[in-house]
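Each reported figure results from applying straightforward, stated rules to the coordinates on display, with no laboratory input. Bear in mind that the values here come from a model prediction, so they are computed numbers and not experimental data. In this analysis, Cβ positions are derived from the backbone assuming ideal geometry, glycine residues included, and neighbour counts consider all displayed protein chains.
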Protein chains: 4
Amino acid sequence: MLSFESDYIEGAHPLILDALVKTNMDSQSGYGADKYTESAKKKLADLCGNPDCQIQFLTGGTQTNQLVIDTMLRQFEGVVAAQTGHVSVHEAGAIEYTGRKVLTLPSHDGKIKACELDSFISDFYADGNCEHMVFPGMVYISHPTEYGTLYSKSELEELSSVCRKNNIPLYMDGARLGYALASRNTDVTLKDIASLCDVFYVGGTKVGALCGEAVVFTRKNMPIHFEHLVKKHGALLAKGRLLGVQFDTLFTDDLYLKLGKNAIDRAEELKSLFAEKGCKFFLDSPTNQQFIILENSKIEKLRQKVKFSFWEKYDDSHTVVRFATSWATTSEKIEELRKILSED
Amino acid sequence: MLSFESDYIEGAHPLILDALVKTNMDSQSGYGADKYTESAKKKLADLCGNPDCQIQFLTGGTQTNQLVIDTMLRQFEGVVAAQTGHVSVHEAGAIEYTGRKVLTLPSHDGKIKACELDSFISDFYADGNCEHMVFPGMVYISHPTEYGTLYSKSELEELSSVCRKNNIPLYMDGARLGYALASRNTDVTLKDIASLCDVFYVGGTKVGALCGEAVVFTRKNMPIHFEHLVKKHGALLAKGRLLGVQFDTLFTDDLYLKLGKNAIDRAEELKSLFAEKGCKFFLDSPTNQQFIILENSKIEKLRQKVKFSFWEKYDDSHTVVRFATSWATTSEKIEELRKILSED
Amino acid sequence: MLSFESDYIEGAHPLILDALVKTNMDSQSGYGADKYTESAKKKLADLCGNPDCQIQFLTGGTQTNQLVIDTMLRQFEGVVAAQTGHVSVHEAGAIEYTGRKVLTLPSHDGKIKACELDSFISDFYADGNCEHMVFPGMVYISHPTEYGTLYSKSELEELSSVCRKNNIPLYMDGARLGYALASRNTDVTLKDIASLCDVFYVGGTKVGALCGEAVVFTRKNMPIHFEHLVKKHGALLAKGRLLGVQFDTLFTDDLYLKLGKNAIDRAEELKSLFAEKGCKFFLDSPTNQQFIILENSKIEKLRQKVKFSFWEKYDDSHTVVRFATSWATTSEKIEELRKILSED
Amino acid sequence: MLSFESDYIEGAHPLILDALVKTNMDSQSGYGADKYTESAKKKLADLCGNPDCQIQFLTGGTQTNQLVIDTMLRQFEGVVAAQTGHVSVHEAGAIEYTGRKVLTLPSHDGKIKACELDSFISDFYADGNCEHMVFPGMVYISHPTEYGTLYSKSELEELSSVCRKNNIPLYMDGARLGYALASRNTDVTLKDIASLCDVFYVGGTKVGALCGEAVVFTRKNMPIHFEHLVKKHGALLAKGRLLGVQFDTLFTDDLYLKLGKNAIDRAEELKSLFAEKGCKFFLDSPTNQQFIILENSKIEKLRQKVKFSFWEKYDDSHTVVRFATSWATTSEKIEELRKILSED
């Protein structure tokens, strides 16, 4: 069945599979001490414009968020995030599982505001009782956010500035970073991110890899004995080459950005399609996830022919649904959807 | 360079890569709700002779040990293991990280003895102070052990019997299970394991997969909401198909056992080779890991031509080293090693 | 200096000290296996009208909340509380430290509403993605709340009914329970609480003891090996008699209620006093904590003569402050405050 | 019944109760910000000969061990202790509960040896695989040990020297420190301890207080925001004065040492008594705990007239039992025991 259920419904980009096949029988040491991992790290550091950045490849997003947050916070600190942030709501309590509290700020279409962050921190320290509260010790944002929205460069600069003023690391969850970088409505580059964030990750799983996220520590701030900590979290792959080979391919000949661009082009077609059909959008998303408000009765009919995700209740008769494109979405699939939508 | 460093220095068996390529563009839901995962589970349940067993695919061994132990223990319980057990020594504290204590028994070439386990448990309950100690709540064994040794069927039966008498689950770490099952000196089958253990895992990473371990709960004893718990541990892959496709291949046409057999055949050749050269073995290992006692001076020379692992100090002038074969080791590599050893 | 800073600024009621002196040299076993603890448990069970309830004495409030929540939740569950709840804000992350998430509901003068709780739970299970979220596994309320307010009997019945319908325990933090029971505006008795809640605690520290909280499990639902769990949390006193003797005294001749009544009588005098002076109350509190909105300039002058607590910013020129009475507050102190307030 | 069950079977020294009564109605701020706590800290710093040491009063021993170890270790570290150490065996897993592994060394009558510690640490770093093991990050000793034995000054110096060479803090559990300092066979003073250890605690609960342990950080090494961390562990008393008043009394006019001396004097009498009766000692303990090997049949008879503790099985017909004296043991009680022993 036609599916826009998510951006992880297919395997990997064929060039990645080719590379896995080609390198398969080459004997390499485990745990990331292989030459493909080394090469991928070098390419990513170059793309970041920061040869000194420290990189670790991990397997999945929850694992990455849990590990980065847990290992960078001090014992009296928690992580600040939007109320709708992935780590606040949809990580099955993985952050709290490691003993860390998520401190929430209001969400503005999935984003947080620098001025609200600033007030939150200064109010915290102004509170005479602050020793009995959890200290803000890191700021978590995602780009794109849970709602597909993007920070502008100036918004990022402001957040970064508040964080640095308060000596708190800014962490960007880039599970879908490829779709942010390829958006038609962004002025934020990978180099900007590497310069403004203290740590971030470049998502592979949702942008064409079988699995894999590339964590970048931009300021020589990788926690010491990080390999040990990765292992302690159950996150160290024996065959680190699996991640190395994949990212080495993604970071060759701009493949990562090309995959992003395909998803964006298809998302724009999908937007036009829904707009033509008179559908209302829940918000204006410039990336590969599109949130559409549909009548519940309409949804029932539609889901018999196409897969998509329920997002949240809108009102008693409407629901917000999500259609996601990806590196693998073809124009043919968009046309197929057009036919289905026209049938009614 | 020629390498016997470990059993995870190559990629995956070619049939696995073929299957990944072939299924690549098929759209499937995430998180293990794909048809390949379903098929692989069915095949494994059949091999276990237990259609009712519950199966979850995970990514790596530490992750699996951490998750199984943490989710099956009650809050007042710890896990009993050999002093040399992987979870006691080489998991970077991953078990304790989740709040669980490892209670240790003496190691007999890597194994524990049923009679010592029985005494340990009865002494525990006889101690008037036992409320101030950690209760034995699970027994961890590995098969093969850290030293490549194997439990006999009667040894497993005795351990299982002590566990069931005390209502404590018996958990087998099968990171290298393929090499146990294919050993020339074993009377233990997969069906025996599925019948005698309460939970165990079939290792993929070290037996021909890119990554992946298949956890089997044999007595309808998978913890409830296990998918949530997997996610909470950061262990849930978005593209569950990556594991499903691989295990579906391994469990087709006895591939898993064939891969085990290749490693065993090569290991026997390797044993003969070292024996011919007059080397002493640290112990008699019937599986793919061979532990040899070498003079330190000899080691220095040898490592310039072949990779292997340091295991532990033997005495001031000797060290125990490990040579591992795998599904990917060829007879040509053994011959190459013969030449190197003959050069001295 | 005159102080209304909190209800824990003095030692203990003299009868408690008398009892400690009188029983001092009597040899008793440790860890709560003493006759005073036994006697206190029996008296409290009688007051609860539930001879089968299970009781454990602990030292402090954060410890009690942490221990009860951590030991009663299952691994996939979190605790639901008001956004302003003590466990949400002022426990220094003690709940998350044990791996548990606090799920928040809107606060209505510190209280949560049964209908909102009901919707929260049913919306949770209606969400297709609920396996990726933390399950509601317990409901936390405090009585009095952080704002001194009280649940009515019908409100408690409704909450209890929603909880039982969903098979989720209702937990009441009674750090100041004595002041709730003695309020002039309550229809809730200790027997009601013991009947409607699944677990609650009777606070000693803030109601006349040197330290101590009495946890009551009302439905044979004390977690097994609870003494072990108390010890594991670092919460088991060697000299359990210290808690036993104190609670035995508090539960003799209605002392606990008498101490509550004194605080309430003084709080009513204090309310009248502030009302006479034309001060505005932040809300109408029927217990021993009174929240008053004062001009910032006024506060500066006042704090030179009397101690009280800053609560929260009201607007740019006003602040909410808290005046607390207790079992130890005398009418003379209220008169002293009257004089100070009249000086301006 | 006559009892030598432990050193925490009575309440508190009468001077402590007097002080609690005398200071009872004085209004003081909570959480340790009272004048008694301040005074007690100053007195203890003076006794330590280190005006710069940082002190925190806590309630009990397990809590103290858990908090000190958890807050001083870094994430990749565990604590080294004797195999028989209290934190290894009798803390109900409280150390592991906070995610920390206990790394064990052989016990020599309860003590560890500096040379073995040194080898342990150097072997650890010599192991090529050490990133997969838990790093030694603190050394835990107790003084007296679980078997009542004491470190000599030179033994302490050697341990301290190994620790400082490796930049690892040395932590002394002084639950019974008063009985160590007052022993007739010790050359170790409180000032020595404050100079050789990086952190230690002076036990109150077992040396005459109702409850309380005084943690001393000797090198400006108290973890930052320690009050927050104490609260996060559920270990912060609202009425910190309870601990302040008690320690202020114990540290006045050498009361702490006097209480120690009484226990030692009685222990020497008890030793003579058992020696006269021809009983064998399990080891030679110079402090208040005496370990005696008794025939099982003898034990059955004796326990009908006097309470003592079972320690461990000696052989099939003998058991090691413990008799403990304390600050509260009178010569009359020793005489009473003499009569009981003579009855046989």
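The magnitude of the dipole of region B:16-253, with charges of +1 and -1 set on the Cβ of Lys/Arg and Asp/Glu and taken from the Cα centre, is near 580 debye.
Using the alpha-carbon centroid of each, what span in Å lies between region A:91-119 and region A:284-344? A separation of 28 Å, based on Cα centres.
Semi-axis lengths, largest first, of the ellipsoid equivalent to region D:6-95 are 30, 19, 13 Å, with √(5λ) applied to each eigenvalue of the Cα gyration tensor. Counted by Cβ distance under 10 Å from A:H228, the other residues give a net charge of -1, where Lys and Arg count +1 and Asp and Glu count -1. In this structure, the amide hydrogen of B:W311, modeled 1.01 Å from its nitrogen in the peptide plane, lies closer than 5 angstrom to those of B:V320, B:V321, B:R322, counting only residues at least 5 positions away or on a different chain. Ranking A:A263, A:S309, A:S152 by Cα position along the charge dipole of chain A, where only Lys, Arg, Asp and Glu carry charges on their C-beta atoms, puts A:A263 farthest toward the positive end.
With neighbours defined as other Cβ atoms within 10 Å of a residue's Cβ, the residues A:K239, A:K301, D:K220, A:K43 order from fewest to most as D:K220, A:K301, A:K43, A:K239.
Across peptide B:52-62, the mean count of Cβ atoms from other chains lying within 10 Å of each residue's own Cβ comes to 3.
Peptide B:131-141 has a mean of 4 when you count, residue by residue, the C-beta atoms of other protein chains within 10 Å of its C-beta. Residue and whole-Å distance for the chain B Cβ lying nearest the axis of the B-onto-C rotation are B:G99, 4. Can you figure out the FRET efficiency of C:M25 with A:R184, using R₀ = 60 Å and their beta-carbon distance, to the nearest 0.05? My answer for the efficiency is 0.10. Using Cβ point charges alone (K and R +1, D and E -1), the dipole size of the protein assembly as shown about the Cα centre works out to roughly 0 debye. Shown for C:R100, B:R241, D:R303: other C-beta atoms within 10 Å of each C-beta, ranked fewest to most, produce the order D:R303, C:R100, B:R241. Spin-label pair A:K191-D:K220: with each label point 7 Å from Cα along the Cα-Cβ axis, the two points sit 4.3 nm from one another. Sequentially through region C:277-282, phi angles give Karplus couplings (6.51, -1.76, 1.60; θ = phi - 60°) of 7, x, 6, 9, 8, 5 Hz, Gly and Pro residues having no value and appearing as x. A Förster radius of 45 Å combined with the Cβ-Cβ distance from A:K280 to C:S154 puts the calculated FRET efficiency at roughly 0.60. Along the charge dipole of region B:16-253, Cβ charges K/R +1 and D/E -1, which of B:L181, B:P51, B:L243 sits furthest on the positive end? With unit charges placed on the Cβ atoms, the residue in question is B:L243. A label point on D:Y125, set 7 Å along the Cα-to-Cβ line, lies at 3.7, 4.7, 5.8 nm from each of its counterparts in the other copies, closest listed first. Counting from the shortest, the label point at A:S317, 7 Å from Cα toward Cβ, is 5.0, 9.3, 9.3 nm from the same position in each remaining copy. Taking a Cβ cut-off of under 12 Å around B:V162, the surrounding Lys, Arg, Asp and Glu residues balance to a net charge of -2, with basic ones at +1 and acidic ones at -1. Sorted shortest first, the distances from the C:K153 label point to those of the same residue in the other copies are 6.8, 7.0, 7.2 nm; each point sits 7 Å from Cα along Cα-to-Cβ.
Here the 3J(HN,Hα) profile of region B:159-174, calculated from phi with Karplus coefficients 6.51, -1.76 and 1.60 at θ = phi - 60°, is 4, 4, 5, 4, 4, 5, 4, 9, 6, 10, x, 9, 10, 10, 7, x Hz, Gly and Pro shown as x. Ratio of Rg to Rh for region A:26-254, alpha carbon only, Kirkwood? Answer for region A:26-254: 0.96. For chain B, the relative contact order comes to 25 percent (Cα pairs under 8 Å, sequence separation of at least 6).
Amide H contacts of A:V199: A:L170, A:M172, A:T218, each under 5 Å away and 5 or more positions distant or on a separate chain (H built 1.01 Å from N in the peptide plane; Pro and chain starts excluded).
Overall form of region C:135-235: oblate. Here a/c, set by the Cα gyration tensor axes a ≥ b ≥ c, is 1.5 or more, and a/b is not larger than b/c.
Of the Cα atoms belonging to the protein assembly as shown, the radius of gyration and Dmax stand at 33.1, 104 Å.
Shown for C:I112, B:I293: other C-beta atoms within 10 Å of each C-beta, ranked fewest to most, produce the order B:I293, C:I112. In terms of modelled amide H atoms, which long-range or inter-chain residues lie less than 5 Å from the amide H of D:T84? It is D:S107, by chain and number.
About the centre of its Cα atoms, region A:216-297 shows a dipole size close to 540 debye [charges on the beta carbon of Lys, Arg (+1) and Asp, Glu (-1) only; nearest 20 debye].
Label-to-label distance for B:K258 and D:K307 is 7.2 nm, based on points extended 7 Å past Cα in the beta-carbon direction.
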